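See below for the structure under consideration.
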Amino acid sequence: MPVMAGGDLPWTTLGMALCLAWALDQWLGDPPNAWHPVAWLGHVLGPVGRMLKGRWAPLALGGGAVAWLGLAAVLGTLAAVLQQAVLRLPWPLAAGVLAVVVKPLFAWRLLRDEVSAVEDAMRTGLGAGRERLARLVSRDVRTLDAVEVRESAIETLAENLNDSVVSPLLWFVCLGLPGLVVYRLANTADAMWGYRGAWEWAGKWAAVADDVLSWPGARLSAWLISPTLSWRKWSRLRRESRLTPSPNGGWPMGAMALTLGVRLSKPGVYVLHESGRTCEGIDVRGALFLAAKAAWSAALLSAGTLLSAGWIVQIAEAGPVPGHHGVPWQALGLTLLARWVPAWAGT
């Protein structure tokens, strides 16, 4: 019996690709920058942004918008064409190829390892902790004390849980590879252009686009961090989230602060859960545990949604796949992914 093409089982193929991509992330992590598509994107965004930076406001705003929309159209189209071409392959091969393409566009292992390394460095000394934190944040770390270093590490973990894991997976579920690629463009452009001062107008469109596309994922991230929050505490979280300049960052950071019972702050900018206790090393480990559960939950929900959709469509349109003796490949994907659930506590 010939193997069906990925295009005959699109939902199943995307779901299996996501399972394999998650496995690659756990096994290999991120590729080096020379082979990383987000790094390639940065090489394009950098010169364009510098050309617009500090220009007359209307020109900078218009140029930033045109550049962003043009890149989104080109990259989204290329991603759609690539996805359709890959789906013409036999579906197991199509899932493998898509997994290799999808993996660099989200990053859980890298985020986990970098935040964990900050706490490991703090055991050596404050200077080492500051130096390691500087790899993760744009703020000046030279004057941060031990508490502020740990607060920054937890805040970075919470915010990037959405930016690097939950939102990318969400857009992949909603719009496939084109949705994932355009989201990564939005997030990367905001990270490079979305600043005050000379970048204000050049990065305005990128910042707003990232806010819009990250909006659902930020709320989902907060819920995944604290799925058992009572209605009263959820209302408290909504209030805490408004204290940060970003309309999205306050949600996962606030959820982390309330769940751990700690105070998180950025001097002169915001204070979350002001009545919370001071951050200690054990709180960084606790935050990593909460983030690991949230990340694995996001992966399970995303793959489960795609595989379940494929199962339903397959049964509705044609019944079980001939030659598979009634055992759907969707069930295999869910089983393989679910086998990793016990690893939550150790990730």
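What follows is calculated from the coordinates using simple rules that are stated; it is not laboratory data. Remember, it's a predicted structure, so these values are computed and weren't measured experimentally. Glycine also receives a Cβ, built like all others from the backbone with ideal geometry; neighbour counts cover every protein chain displayed.
Over 10 Å intervals from 0, what percent of Cα-Cα pairs in the chain sits in each interval?
For the chain, the pair-distance distribution reads 5, 23, 31, 25, 12, 3, 0.
Please report Cys19, Cys174 as a ranked list, fewest other C-beta atoms within 10 angstrom at the top and most at the bottom.
Numbers: Cys19 27, Cys174 13.
With the sparsest Cβ surroundings first, the list reads Cys174, Cys19.
Need the list of aspartates and glutamates near Lys53 for cross-linking: C-alpha distance under 20 angstrom, and skip anything on the same chain fewer than eight residues off.
Once the sequence-local aspartates and glutamates are set aside, what remains near Lys53 is Asp190, Glu200, Asp210.
Evaluate E = 1/(1 + (r/R0)^6) for Ile312 and Trp215, where r is the Cβ-Cβ distance and R0 equals 35 Å; express this FRET efficiency to the nearest 0.05.
Values: r = 28 Å, r/R0 = 0.79.
Working from the Cβ atoms, E equals 0.80.
If you take the alpha carbon radius of gyration of region 124-260 and divide it by 2.2 N^0.38 Å, what ratio comes out, to two decimals? Don't skip to the end; give the middle numbers.
Details: Rg = 15.8 Å, N = 137, 2.2 N^0.38 = 14.3 Å.
So the Cα radius of gyration is 1.11 times the expected 2.2 N^0.38 Å.
Using a 7 Å offset from the Cα along the Cα-to-Cβ direction at both Trp56 and Arg123, what is the distance between the two label points in nm, to one decimal?
5.9 nm
Please identify every one of the chymotrypsin sites (Phe, Trp or Tyr not before Pro) in region 49-154 that sits in a loop by DSSP and has no more than 16 other beta carbons within 10 Å of its own beta carbon. Numbers along the way, then the final one.
Details: sites: Trp56, Trp68, Phe106, Trp108; in loops: Trp56, Phe106, Trp108.
Loop-located and lightly packed - Trp56.
By a straight-distance test (C-alpha under 24 Å), which lysines pair with Lys266 as possible cross-link partners, with residues fewer than eight away in the same chain excluded?
List returned: Lys204, Lys233.
Distance in nm between label sites at Thr77 and Val137, each 7 Å beyond Cα in the beta-carbon direction?
For the pair Thr77/Val137, the computed spacing is 4.2 nm.
Amide H to amide H under 5 Å from Ser265: which residues, 5+ apart in sequence or cross-chain, H placed 1.01 Å off N in plane?
Leu272
Compute the relative contact order of region 209-281 as a whole-number percentage, counting only Cα pairs closer than 8 Å that sit 6 or more residues apart in sequence. Please list the in-between numbers first.
Details: 92 pairs, mean separation 19.8, N = 73.
For region 209-281, the relative contact order is 27 percent.
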